[in-house]
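Q: Below you will find the structure I want to go over with you.
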Amino acid sequence: MKQSQKLSYLLRLLWNNPIFGDSYPSTVYEEKTLLQIEDIYVRFLTEFRPILAEGMPQASIFELNDIIDQIAPKSIAFCAAISAGEIEDSDRLCDVAMAIAISYWADQSMDRGDEAMLAAIHHINAELKEGGGIVHPVSELVSARLAALRHIESLAQRANDHPEDLPYILRAIYRDVLLNQARMRDLSRQYLTDGGSPAFWDKHAEETARTILDNSGLMSAVTVIYAIYRYHQPDIPSLSEIYHHTELMTLIGGPFNAAIRVFDDLGDRIIDTGQNSQWGIFNLNLFNQPNIKMLGSFIRYSGIEDIPLHDALMEAFTRGDPSSRIYVTKAYRLFLRENIAKLPQPLWEKYVVFLNLCKRTLEAGFVNSVGDILLTEDKGIHTVESEILNLVISGATKPN
């Protein structure tokens, strides 16, 4: 009941369109969506638990249940909420939810120092790079992690195995998110080894900015949902066409990815300090390690060319107080609106399904800055930092 109430609260925040104002239909039927979530959840538990057990052969039932409790609600809710009742195909939504849940688990495992998962991510990407050739893992535990990760491909195939879509789903999940996250884990570890010295930033500032932006997770989430729309509407553009569209990929690789990263790092700011081992180990975070070289590169990669805005963002990032963090978040929210407004009408008309899913996922990233803590903690809304909660609530009430 507690989880249902929290989920309803987050869904209402999401469907109030706190960024764009029009990402979701004016009427979204909450009761219908919650029923779909419940329907998906029953099958999800039946099929996902064995996958997780395969990947974690040494884990106890308690440990497996704990992980499922952490990642199942947001994986399932994301798929049902983003589709907003437009997809009644609950079986494919469940497949997609499980694929997303595996990637969440992999990401979370790396954040918590799982060396076997790090190795498995490198192995599976090496296989993809070699065109399907098998790269033999170094241990049984790495093999177990790999076995679970491989389910992402079979689940994506069940959603839509079209040759112009499936390779791009796998690219988005395995390479764009998980491999970049593995690299961020390496960079975070190196940062600690170097004691956060200027030498680390001299060597890694540019790469850190690029990697922290590229592993936003936007496309890994959008592509699997879009694949279901493509299954039911085969005439809409393929993911292959989208990935080869220069203007779309510039928008995604810059403003979209950057905004998701800002929203995510805002919500994870305390978790990423590594002070609570239950949540995770240390991770580099835009708001926690405000290096001028790294931030300058991140802002530039975001696509921000306005010099006064660039300077204001640099000052706010480095000042690091609550009002400055909120300024940065609001600035990126406004930057998103401006970039969406500039899109030419013909592009909107042709790629409307894809772009709407991007907008909805950006809305979800914004709301998720409070959602992760709220859904996984056995506490109320008071567990969320008031500065973040107030920003999301005010945005959901009236975009500004």
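Q: Taking the stretch 197-236, which residues are under 19 Å from D176 (Cβ atoms), surrounded by fewer than 20 Cβ atoms within 10 Å (Cβ to Cβ) and either charged (D, E, K, R) or touching a strand residue (DSSP E or B) at 6+ places or on another chain (Cβ under 6 Å) (or both)?
A: E206, E207, R210
Q: So, one more: Of the numbered conditions (1) closer than 29 Å to L179 by Cβ; (2) more than 20 Å from the chain's Cα centre (by Cα); (3) surrounded by fewer than 17 Cβ atoms within 10 Å (Cβ to Cβ), D69 satisfies every one except a single condition; which is it?
A: (2)
Q: Further, regarding this structure: Search the stretch 96-109 for residues that are closer than 14 Å to D66 by Cα and pair each with any residue that is of a type in the set (S, T, N, Q) and in a helix (DSSP H, G or I) when their beta-carbon atoms are under 9 Å apart and the residues are at least 6 apart or on different chains.
A: That search, which allows pairs on different chains as well, returns A101/S75; Y104/Q70; Y104/S75; W105/Q70; Q108/Q70.
Q: Every residue in the stretch 254-270 that is of a type in the set (V, I, T) and surrounded by fewer than 19 Cβ atoms within 10 Å (Cβ to Cβ), please.
A: Residue satisfying the conditions is I270 alone.
Q: While we're looking at this one, here's another question. So is R43 in contact with an Asp or Glu (Cβ under 9 Å, 6 or more places away or on another chain), more than 23 Å from L362 (Cα to Cα) and assigned to a helix (DSSP H, G or I) or not?
A: yes
Q: Can you tell which of M110, M184 is in a helix (DSSP H, G or I), crowded, with 17+ Cβ neighbours inside 10 Å, modelled with pLDDT under 95 and within 21 Å of the chain's Cα centre (by Cα)?
A: None of the others qualify; the one that does is M110.
Q: Please work out which one of (1) touching a helix residue (DSSP H, G or I) at 6+ places or on another chain (Cβ under 7 Å); (2) more than 17 Å from S75 (Cα to Cα); (3) among the polar types (S, T, N, Q) is the condition T27 fails and give its number.
A: (1) is the only condition that T27 fails.
Q: Return the total of residues in the stretch 237-250 being buried (at least 17 other Cβ atoms within 10 Å of the Cβ) and among the β-branched types (V, I, T).
A: Here the count works out to 1.
Q: Which one of these is crowded, with 24+ Cβ neighbours inside 10 Å and of a type in the set (G, A, S): A126, A101?
A: Answer to the check: A101.
Q: Now for a separate question. Output the number of the condition that M294 fails; it satisfies all remaining conditions of (1) aliphatic (A, V, I, L, M); (2) over 14 Å from L213 (Cα atoms); (3) buried (at least 20 other Cβ atoms within 10 Å of the Cβ).
A: (2)
Q: For the stretch 138-147, does any single residue satisfy the condition of being more than 30 Å from T273 (Cα to Cα) and of a type in the set (D, E)?
A: Within the stretch 138-147, one or more residues are more than 30 Å from T273 (Cα to Cα) and of a type in the set (D, E).
Q: Within the stretch 286-315, count every residue that is free of Cβ contacts under 8 Å to residues at least 12 places away in the same chain, more than 17 Å from F256 (Cβ to Cβ) and part of a loop (DSSP other than H, G, I, E, B).
A: The total comes to 1.
Q: Does R360 count as basic (K, R), under 17 Å from S394 (Cα atoms) and part of a helix (DSSP H, G or I)?
A: no
Q: Condition first: modelled with pLDDT of 90 or more and buried (at least 20 other Cβ atoms within 10 Å of the Cβ). Now tell me which residues in the stretch 19-60 satisfy that.
A: I19, S23, Q36, I37, I40, F44, F48, I51, L52, G55, M56
Q: Another question, if that's okay. State all residues of the stretch 61-97 that are touching a Ser or Thr at 6+ places or on another chain (Cβ under 8 Å), part of a helix (DSSP H, G or I) and closer than 13 Å to I225 by Cβ; if no residue qualifies, say none.
A: A80, A81, I82, L93, A97
Q: Residue by residue through the stretch 154-178, note down the ones that are closer than 15 Å to E47 by Cα and out of contact with any helix residue (DSSP H, G or I) (no Cβ under 6 Å at 6 or more places or on another chain).
A: Passing the criteria: only S154.
The values are calculated or read from the model by the stated rules, or taken from the named source; none is laboratory data. This one's a predicted model, so the numbers in the text were calculated from it and none came from an experiment. Every residue, glycine as well, gets a Cβ built from its backbone with ideal geometry; the counts of neighbours run over all protein chains shown.
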